[in-house]
C-alpha cells in the first residue's frame, strides 16, 4: 500500500507542479504583481518541503507559550511586548540549536520526534505596533499548510483578528482555533467563550471551526510536576486534545492532503486576481472599441455630409450656368433681329455685348461657390482631426489599474499608453500645423489644373473662374461665328431667324456640355481629396485599432487558459481529498 501511495503521490505532485508552472507563466505574461508571482513560486518550492504548521495571532495572546507547551520546553522566548520582527521556524534536530538565515528567519532545532515530518512557525503579532511585524506575518501565512490561530480568552476574536482572518480566508487556508488563558475563567465562562469564537469564526470563514480551549500556563506547570498531579494538570490545561490532534489526527496521509491542498488556495487566489485584471483590461478595450466605432461613425457622417454638400454646391454651379444659358437665349432673341442688322455686322461689338449681358460676373459666381465648398471641406477635415485628437487624449488617460499592484505599468498598459501617445502626438501635430490657406490652395489648384487641360490654358495665376470663362469664350467664338457679317450678306436676310435658332441651340448644348464637364471635374477632384482625407485619418488610427483587436483576442485566450487551469485544479483537489476521508 505504501508503494502504491508513493506512486500516486508522485503523480499528483507532478500534475500540481505542471499546473502551477503554467499559471506562473500566465501571471508573468499579463504582468501580475511581484507579490502574487512570488507567492506562487514559493508554493512551488514548498510543495515537497516539510509540512508547515503556522501559528498566528495577536501579540500577548500566548503564541510562543503554546508552542513551548507543545514542545515541553521553553524553546521560544515569551514576553508581553511585540519585540521580535522575525519568523521563528522550529524543526526536528538531534540536539537543540539556533541559526539565522540570510533572510532573517530564525531556525530552531529541537529533538521532538513528531517534528520529523513538520515544522512549527511562530510569527510576529498580527496587531503589532510595528508595521513591519505584521507585514512579515502576512507574507508568511500563504506558505502555511495549516494555520493555528491563537486568541486570548480574555479578549477573544477582536476586530483586528477578524480582519486578519478575512485575509487568511482569501488565501484558502485551513484554520484551527486555539483559545489560550482558559485558567482565567470558570467552566461555564469557558463554554460561553468557546461558543463565541465558534460563532464568529463560522461567520468570518464560512466553516464549522475546530476550536481547542487551552491554558499554556497550566501545561507548563504540568511539565514541571510529576505523577498524578502532572496528568491532572495536563488534562486540565486542554493540551491533551491539542497534542493528540497534532500527533495523531495530522497523520501522514492527512498532512499530505493538506500539503498538496496548500498551493491550490494560492493558485485560486492568483487566478481570481488575474481574472479581475483581465476583466478590467477587457472592459477598457471594449471602451476603446466603442470609441473607435464612434470615430468611424463620425467619419462616415463626415463623408456623407461632404457628399451632400458637394451635390448642393454643384447644383448651385449648375444653376449659374443654366441662368447664363437663359440669358444667352434672351440675348439672341433681342439681338438677332432685322432692326439690329447694322449691329449684327459688327462682330466685335456683338462679342462685347454678349460678354456683358450673357457672361457677366459668371467668373465670380462660380469661384464663390467653389471657394465656399473648398472652405467648408477644409474646415470639416480640421474639425475631424481635432475630434480624433481629443478622443485619443481621453483614451490615453484611462488605464487598466489593478487593485493588487502599485508597481510600474505592465506590458499591456505601457504598450497601450505608448501607442495612444504616439497617435495623439501625430494627430496633435496635424492640428498644430494645419494650414487652412495652404489646404484650400492645394485643392483649388487641383481643380484648376484639371480644368485647364480642358480649356487649353496655362494655370499660372489664372483663377478657376477665369478658366471657366475661357471655356465660355470658346462657346462665344463658335456661336458668334454663326452670325458673321459675311454669312449674313451671302445667305440673305431671310436666314436671320434660322441663324438665331441655331445659335440658341448651340449655346444651350455647349453650356450643358460645359456644365457636365465641370461637374465631373469638380466631383473627381473633391472625391479624391475626400478619400485622401479619410485615408489619412483611418491610417492614423490603424495601429490603435489593430492593437485593440489583437489584445482582445489575446485576453480572451488567456482567460480561457485560466478557466482551464481552475477546472484542472478542481479535479486535482478531488483526487487529493480522496487520499483521506478525515476532515478537520
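FYI, it's all coordinate maths here, none of it is from the lab. Note that the coordinates shown come from a computational prediction; the quantities given were computed from them, not determined experimentally. We place every Cβ from the backbone using ideal geometry, glycine too, and count neighbours over all the protein chains shown.
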Virtual spin-label span in nm between residue 509 and residue 286, 7 Å along Cα→Cβ: 6.7
Listed peptides 184-193, 164-173 by packing density, highest first (mean Cβ within 10 Å): 164-173, 184-193
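Express in nm, to one decimal, how much length is gained between residue 322 and residue 570 on full extension, taking 0.36 nm for each residue of separation and deducting their alpha carbon distance.
That pair, residue 322 and residue 570, stretches by 81.1 nm at full extension.
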Cα-derived Rg over Rh, computed across region 168-212 with Rh taken as Kirkwood radius: 1.03
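At 0.692 mPa s and 37 °C, plugging the Kirkwood radius over alpha-carbon pairs of region 50-250 into Stokes-Einstein gives what diffusion coefficient in µm²/s?
The calculation lands on 193 µm²/s.
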Where labels lie 7 Å past Cα in the beta-carbon direction, separation of residue 527 and residue 155 in nm: 8.5
Residue 240-residue 368 pseudo-label distance in nm [points 7 Å out on the Cα-to-Cβ vector]: 11.4
Theoretical gain in end-to-end length, residue 421 to residue 101 [0.36 nm per residue, Cα-Cα removed]: 110.5 nm
Highest to lowest packing among 556-569, 222-235, scored as the average C-beta count within 10 Å: 556-569, 222-235
Descending Cα extents along the principal axes, region 190-236, whole Å: 42, 17, 14
Residues of region 25-57 with amide N under 14 Å of a point placed 7 Å along Cα→Cβ from residue 561: 25-32
Whole-number percent relative contact order across region 50-250, with pairs defined as alpha carbons under 8 Å at least 6 apart: 21
Net length gained if the chain between residue 47 and residue 276 were fully extended (0.36 nm per residue, minus Cα distance): 79.8 nm
Among 292-305, 353-366, 254-267, the order from most to least packed when residues are scored by Cβ within 10 Å on average: 254-267, 353-366, 292-305
FRET efficiency, residue 73 to residue 578 (Cβ-Cβ, R0 35 Å, nearest 0.05): 0.35
Pairwise FRET efficiency - residue 376 versus residue 35, Cβ, R0 = 60 Å, nearest 0.05: 0.55
